[in-house]
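The block underneath contains the structure these notes are about, expressed in structure tokens.
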Amino acid sequence: MPVLYAQIIVDISAGSLDRVFEYRIPGPLVGLVDIGTPVIVPFGKSDRPMKGYVIHITETPDYDVDKIKDIVQVTDSELAIEGQLIRLAWQIRRVYGGTMNQALKTVIPVRRQVRQNIRRYYRLTEDEKRLSGYVARIGRDKRYKARLSLIDTLKALQKDGPVALEALKTRCTAGPSALKALVDDEIVEELSQTQYRMPVKARLPEEAPVSLNAAQQQAVDGIWSDEAHFAHLLYGVTGSGKTEVYMELIRRVLARGQQAIVLIPEISLSLQTVSRFYSRFGGRVSIMNSRLSDGEKYDQYLRAKRGEIDIVVGPRSALFMPFERLGMIILDEEHDGAYKSENTPRFHAREAALWRARICGAKVVLGSATPSLESYTRALAGMYGLHRLTVRAREGSLLPEVSVVDLREEFRLKNKKIFSRKLHHLMEETLRRHEQMILFLNRRGLAGFVSCRSCGYVFKCRHCDISMTAHAGGWLKCHYCGFETPLPRTCPQCGSPYVAAFGTGTQKVEQMILDEFPQARVLRLDRDSTAKKDSMDAILEKFRNHEADILVGTQMIVKGHDFPDVTLVGILAADLSMFSGDYMAAERTFDLLTQAAGRSGRSGKAGQVVIQTYQPEHYSIQCASRQDYESFYRQEMSYRQMLGYPPVLHMMVVLVTGRLKSDVSSYIRLLAADLKQYAQMQGIDDMILIGPSDAQVAKGKDIYRKVFYLKNKKLPYMIKAREYMEEHLRGSTYARSVSLQFDLDPMSMY
């Protein structure tokens, strides 16, 4: 049997993640040591016993074999929470690539210790005899006047319990040395309490559980009692009460002494979701997202690790909260592209949730009104439990009436405004009834791009090969790298003064609304209007409190929000997502339109939806207008099967980047050719390679980008191909000038 070696992290704290140490696995421990296993190892020159975690096992160590020490022992038969997260990191790295370091920093999101807020309290000893003797002994000495003053102050203040240090300083001028002396003499007892930075501000009154309808109860019982599946798809129309199903399932999980993670795709949903869970389950609910301060993140991580919270709500990063007793993971709006990481490793939260659930024996619930094709295919194949909610839960609430407006016909009738005649009329009626509306346009800024009308020159970012967007105040902004520059008065190519913005963004729509309906109160929600912390929650709360009539924004306004007074939704340009150069464009369009339509008429009032499009005959538009997911699924799967896109085949984007265009071009051609030979040698005859070609953004942030695509039905073949490419670059003369990135089953193209 070959000798095995383990790479080990000897300290799970954030600062040590960049360093691993190698140890030999002695014969008696072979078979007991695995990825994530907690072990005791001799550390340093003194061989001090230290706890560590295994992150990799190999037969070929990187260090001198004679200097490698043996692992002393395996500490636990079951994986501790750190071990579980390390095993999860290893699985993410194995499937999606990148380094183990990158994977570890993904699953341990709190990477540096932050100073805790410790509040100190003081009280006098309860031993009256000891106290009186001490006072008598020092009372004759003027040097102890400060101590006597502190004792008198504490006597006066501690009637209601221990006295906070701040209150003591306010009432007494004695210095810290006198207080320390009293503590050292055991006359005063010092108490401390950690003051957590709490991201959930509001303390809402607890609400009683809602009585579930028959369909909801059937879904809860089916998920809870099903022992054949650990993963379940909850497919319910918008407004069907999926959140109530989640809460009842979580109530049962908590009653069993376990914990739950609730994932949401957008930070904008955090306040609404947390408020509902907080009012139902109280203060043992917390939140984790990228908008929290480092201190808030650190405190919530500590609270989870110490077992002080039972439920966490948030986007992808919440999946990695250190819950020891995890019983359920819920992905709301599971179809959403936000669950796919944009950073290496480019993991999908759905797959990572399934892996984590398997490690700790939890259940996974995937909820959506428009399930991803991957999840619905798995459910139909019996891999997931499938549960349907076909009607809205709120009494009297019906799906809205949807109208599709052909913008070509509007143009023929000389209507060149962004609001069709149908939408304009319904907006007038909605304002007259003092009801609310949402206008959705998936483009922020004033316009899509700026060009010269004389020569056609398009203003592009100097660092990226993409057009810049016009914003208020006369600025051009690159939405890829953030570069900003004033809008030129003349064309830099031909000198023409006829420079104009084309297309429409949310800022321009806001101006148009105010021009057409000056009496309307308008709020805008997009990345520009929510740059400051808590600004998103503030805008949503204003709209929820009826401080505005119209909410205009990008896709963040159509995902999962529940506004009872919204009776009209206008989708201003459905084609923006349909022609994005992406094989998922039709699915994304259907999802956005269906989700947007679902915001209307949720409280018993009749709802209206207007979809404005240049392609009214497209199946994604037609199916969304009828809320007909099954029909869309059949047509979209036919397209995927014909062209071999996921979920029919696995697909991997291989991205080569570098500062020298010649190096990027040369290396990607070499890599593609060598990969074809490797696949033939391995007997992988059905590996499909498409490209190389320029990436969709061929140059970004002064970096050149080229891609090719791999397709294959078997995941192990894709992993082997990626591992070959990683090794290929390490042994190449281009290793210093180019970088490789991989995206398996991408949610969007490059």
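Summing +1 for each Lys or Arg and -1 for each Asp or Glu among the other residues whose beta-carbon sits under 13 angstrom from that of residue 347 gives +4. Radius of gyration over Kirkwood radius for the range 227-339, both on Cα atoms: the Rg/Rh ratio is 0.94. Taken over the range 535-596, the alpha-carbon convex hull comes to 91 cubic angstrom per residue. With helices as the sole contributors, the chain gives -10000 deg cm²/dmol at 222 nm; each DSSP H run of n ≥ 4 counts as -39500 (n - 2.57), and the sum is divided by every residue. Anisotropy class assigned to the range 698-750 is oblate, per the alpha carbon gyration tensor with a/c at or over the 1.5 cut-off and a/b no larger than b/c. Note on residue 129/residue 324: beta-carbon distance plugged into 1/(1 + (r/R0)^6) with R0 of 56 Å gives a FRET efficiency of 0.75.
List the aspartates and glutamates whose Cα sits under 16 Å from the Cα of residue 699, skipping any in the same chain fewer than 8 residues away. Excluding near neighbours in sequence, the set is 465, 663.
Cross-link partners for residue 69 among the lysines, with Cα-Cα distance under 18 Å and sequence neighbours closer than 8 places in the same chain left out: 45, 51. For the range 634-704, would you read off the P(r) tail past 17 Å as a percentage of all alpha carbon pairs? Value for the range 634-704: 57 percent of Cα pairs lie more than 17 Å apart. Over 26 Å apart at the Cα level, from the set 242/713; 340/714; 242/340; 142/169; 105/533; 676/713, are 242/713. Taking only the C-alpha atoms of the range 560-624, the Rg (one decimal) and the largest Cα-Cα distance, Dmax (whole number), read 12.4, 39 Å. A crude spin-label estimate for the pair residue 408 and residue 701, with each label 7 Å from Cα along the Cβ direction, gives 4.1 nm. With R₀ set to 30 Å, the beta-carbon distance separating residue 158 from residue 284 gives a calculated FRET efficiency near 0.50. Give me the angle, in degrees from 0 to 90, between the Cα long axis of helix 585-597 and the longest principal axis of the Cα atoms of the chain, rounded to the nearest 10. The helix 585-597 is inclined about 70 degrees to the chain. Extension gain, residue 211 to residue 472: 0.36 nm times the residue separation minus the Cα-Cα distance gives 89.1 nm.
For the pair residue 256 and residue 167 in one chain, pulling the backbone fully straight at 0.36 nm per residue adds 27.8 nm over the alpha carbon distance. Sparse packing (at most 12 other Cβ atoms within 10 Å of the Cβ) combined with a DSSP loop state is found for the following GluC sites (Glu not before Pro) in the range 491-585: 547. Relative to its residue count, the range 603-750 spans a Cα convex hull of 175 Å³ per residue. Restricting the range 225-321 to trypsin sites (Lys or Arg not before Pro) that sit in a DSSP loop and have at most 15 other Cβ atoms within 10 Å of their own Cβ leaves 256, 306. Between residue 143 and residue 715, the modelled labels are 7.5 nm apart [label points 7 Å from Cα along Cα→Cβ]. The aspartates and glutamates whose alpha-carbon is closer than 14 Å to the alpha-carbon of residue 414, local same-chain residues fewer than 8 away aside, are 406.
In the chain, the longest principal axis of the Cα atoms and the axis of helix 349-360 are about 40 degrees apart. For the residue pairs 477/508; 417/559; 417/460, the C-alpha atoms sit more than 18 angstrom apart in 417/559; 417/460.
With R₀ fixed at 22 Å, the C-beta to C-beta distance from residue 681 to residue 726 puts the FRET efficiency at about 0.80. When all alpha carbon pairs of the chain are counted in 10 Å bins from zero, the resulting P(r) reads 2, 11, 19, 22, 19, 12, 8, 4, 1, 0, 0 %.
Taking 7 Å steps out from each Cα toward its Cβ at residue 490 and residue 225 produces label points 8.0 nm apart.
The numbers here are math on the coordinates, done by the rules we state, and not lab data. In this text the structure is predicted, and so the values were computed from the model without any measurement. As a convention, Cβ positions derive from the backbone with ideal geometry for all residues, glycine included, and neighbour counts pool all protein chains shown.
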